Amino acid sequence: MAVYKITNIERYKGKKEDDLARLGKQITIHTLKKGHGAILPYADTSGYVLVTSVVQYIDKTDSGKMITISTMNTTYTLRKVADDLL
């Protein structure tokens, strides 16, 4: 499973303070589908998961090394840092 780093978060509304703790975190992608909430488990052993609001747009660039996820409330930019670890 590939590992991505959260490199940018642009929130449209809500608690921007929460985003500071998420920036730089490494995540994996469990579920990422337009029309559904994304499920992004943290790659560490904490057991925490980032669950987004409904995904409206997904843009993969640079052969999937960069992913932009736009939800109802936030846009996340992810950069691949490692390929399949398992």
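Laboratory data are not the source of any read-out in this text; all were calculated from the coordinates shown. The structure displayed is predicted, hence computed values, not measured ones. Don't worry about glycine lacking a Cβ; one is built from the backbone with ideal geometry, like all the others, and counts go over all protein chains shown.
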Per DSSP loop assignment and a cutoff of at most 16 other beta carbons within 10 Å, the chain keeps its longest run without exposed trypsin sites (Lys or Arg not before Pro) at 35-64
Exposure proxy check on Leu40, Leu50, Leu20: fewest-to-most Cβ neighbours within 10 Å is Leu20, Leu50, Leu40
For Lys25, counting only aspartates and glutamates whose alpha-carbon sits under 18 Å away and dropping same-chain residues fewer than eight positions off, the answer is Glu10, Glu17, Asp44, Asp83, Asp84
Dividing the helical contributions, -39500 (n - 2.57) per DSSP H run of n ≥ 4, by the residues of the chain yields a 222 nm value, nearest 500 deg cm²/dmol, of -2000 deg cm²/dmol
In nm, the gap between the two label points placed 7 Å beyond Cα toward Cβ at Asp59 and Leu20 is 2.8 nm
Quick note, segment 3-82: a/c under 1.5 would make it rounded; otherwise a/b > b/c is prolate and the rest oblate (a ≥ b ≥ c, C-alpha gyration tensor); here it is rounded
Amide H contacts under 5 Å for Lys25, restricted to residues at least 5 apart in sequence or on another chain and with H modeled in the peptide plane, are Ile6
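Among Lys13/Lys80; Lys16/Lys65; Lys33/Lys60; Lys16/Lys80; Lys5/Lys65; Lys5/Lys33, which pairs are too far apart, with a Cα-Cα distance over 21 Å?
Lys13/Lys80; Lys16/Lys65; Lys16/Lys80
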Ranked from fewest to most other Cβ atoms within 10 Å of their own Cβ, Glu17, Glu10 fall in the order Glu17, Glu10
